[in-house]
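Note sheet for the following structure.
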Amino acid sequence: MTAVQPDLTPADLDQPAFIRVLTADEVTGLGPAADGPLAGLPFAVKDNIDVAGVPTTAACPSRVEPATGSATAVQRLLDAGARPVGKTNMDQFATGLVGTRSPYGACHSVASAAHVSGGSSSGSAVAVAAGVVPLALGTDTAGSGRVPAAFNGLVGMKPTRGLVPTRGVLPAAPSLDCVTTLTRTVALARTALGVLAGHDPADPWSRPAPAALPPGVARRMRVVAVPDGPLDLDPPHRAAWEAALAHAATVARLVPVDVSAFLEAAQLLYGGPFLAERLAAFGQLLEPDHPGLDPVVRRIVLGARPISGADVYRGQQRLAELRAAALPAFLGADALLLPVTPGHPTLAEVAADPVGVNARLGTYTNMVNLLDLCAVAVPAGTRADGLPFGVQLLAPAFADGPLLDLAARWCGEPVDQVPTRSLLAVAGAHLTGQPLNPQLVGLGGRLHARARTAGGYRMYRVPGALPRPGLVRGAGGPPAGIEVEVWDLPAGGLGELLPAVAAPLALGPVELDDGTVVPGFLTDPGGVDATQDISGSGGWRAHLAARIARGAADR
């Protein structure tokens, strides 16, 4: 599915001020580099991100003092040759998902003057969707980059927390704030992230990316989790979501998961004590009241005053419990697919219920930073009424690169081939999280992909002190195949591993569900007990889970 690219110019948009264009003197004073990976590329900056010499208003007109320096993210774009064009409108103090909470006026979607643009990075999204700039910086604490991306047919990349420094960003919730990009293509999002990412020792929330992908993160994402039941979606959104699921099945293998823990975690951000972080971050800017303050923003943030320290710790405890319940979804899947929002409200609907409508928009986005996930919003066609529809792909922290590759496949863009060393298919005790997986990690192995065998393989429990399975080719195994992981080992890794492989297991060719053949652990058909056939489970993890469930039922 490709991005909506409306053939518009700023003059065609009956919009309030969505961008304040920088003067020639302001741009010259910033000194963008003459060359670099983004040489000459124009970009816009959300107005809660510092640009040296320009006020950072955060949509509060009383903030008129020019910034003394540029935010780390802005400076990195300048050093890469990008050219700043302007500062963009936003929901005041980045508190809102609608794009209407600004004294400079409410933005609307480029596809409909009656429908909201989404926020809080409203002006940044409109500037890219209207063709004013190909790249804009936004922020995303609760969905502020992904929601306007979805409502304007864009790619919205929300990196892992701390991967892009937030020094020079007016904080909304410092522990959760992320600098994001809005683009029309995944390719540009990837290039921009390569420029923006990197540890900033002067930023207390900055985190360096690990030298290798974290355990359990595959270099090639092939398995996507989807909700195992219906979602709360408006009818036009529901139809578009069903079409998106059909498209997803052409991009990856889909597995159903329970997303209730994700959705409950989302409710904690504004429905729980975590709102207190906004009060601590910028509550002082809301007093005393004056005409330039948005009354809805002020009411929401100052409403956190009764929250106690004990309330915050209770919220952290509940979040830890929900994280433990939610994250196992990524054991059997590389990413989670969700809609970005439940619907696309009109400006009139937001005016009638500014808090309720905004709160519902965060149903599927609020939990991402709380659970320390990375995410990318991608276009998923249009609804029946012609409005853009967007979905989001979520993955564990620091899976940003593989997630962007998955997003590129979603959008039909080219994906760079990942160089490999030696591949090995494993189906049992060497799977991620299983007892023998440290052998692969110790050899320098990295998870390459989650997969299934081709049809025709059977799985048996094999004897030994350590419970483990054996794969046997033939004898009419399940058509859907057996769950495996493909690991990438350094040169010589297979040779080092083989002495640790005990009979009846041996190395042999394993055909995967995509037709490729890689070495893997197989079992001699004569070395298995037919009464220990566990093929019906579809995989070793599912077999172990079923045994645990049966044991609990017997107690």
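Odds and ends about this structure:
- Cβ charges +1 (Lys, Arg) and -1 (Asp, Glu), total dipole of the chain, debye: 920
- Taking the convex hull of Cα positions in segment 171-276, its mean projected area over all directions (nm²): 9.9
- Volume per residue of the convex hull around the Cα atoms, evaluated for segment 291-372, comes out as 132 Å³.
- Counting only whole DSSP H helices of the chain, the ones at least 20 Å long by C-alpha along their axis and with mean Kyte-Doolittle hydropathy no lower than -1.0 are 235-251, 309-326, 540-554.
- Approximate shape of segment 109-259 as ellipsoid semi-axes (Cα gyration tensor, √5λ), whole Å, largest first: 27, 23, 15
- With the helix formula -39500 (n - 2.57) applied to DSSP H stretches of n ≥ 4, the chain reaches a computed 222 nm mean residue ellipticity of -8000 deg cm²/dmol.
- The fraction of accessible area contributed by carbon and sulfur in segment 458-555 is 60 percent, rounded to a whole number (1.4 Å probe; ligands and nucleic acids excluded).
- Taking the accessible area of segment 317-393, probe 1.4 Å, and keeping the other protein chains in place, the carbon and sulfur fraction comes to 60%.
- Note on segment 122-200: Kirkwood radius taken over Cα pairs, Stokes-Einstein applied at 10 °C and 1.306 mPa s, translational D equal to 128 µm² s⁻¹.
- Sequence-separation-based contact order of the chain, relative, with Cα cut under 8 Å and 6+ spacing, percent: 14
- Excluding ligands, DNA and RNA, the accessible surface per residue across segment 70-175 is 15 Å² with a 1.4 Å probe.
- Calculated FRET efficiency, Ser175 to Asp524, Cβ-Cβ distance, R0 = 51 Å: about 0.40 to the nearest 0.05.
- Using the 1.4 Å probe convention, the accessible area of segment 274-406 works out to 35 Å² per residue with neighbouring protein chains retained.
- When each of the peptides 254-265, 157-168, 198-209 is scored by the mean number of other C-beta atoms lying within 10 Å of its residues, the order from highest to lowest reads 157-168, 254-265, 198-209.
- A full extension of the chain between Arg323 and Gln417 corresponds to an added length of 30.5 nm, given 0.36 nm per residue minus the alpha carbon distance.
- Computed over segment 248-299, the Cα gyration tensor eigenvalues convert (square root of 5λ each) into semi-axes of 39, 14, 9 Å, ordered from largest to smallest.
- Of all DSSP-defined beta bridges confined to the chain, some 75% are antiparallel rather than parallel.
The values are calculated or read from the model by the stated rules, or taken from the named source; none is laboratory data. Predicted model only: the values in this text are computed from it and were never measured. A quick note on method: Cβ atoms are made from the backbone with ideal geometry, for glycine too, and the neighbour counts reach across all protein chains shown. For the accessible areas, the whole protein counts, side chains as well, though only heavy atoms, and no ligand, DNA or RNA atoms are used. Shrake-Rupley method; radii C 1.70, N 1.55, O 1.52, S 1.80 Å.
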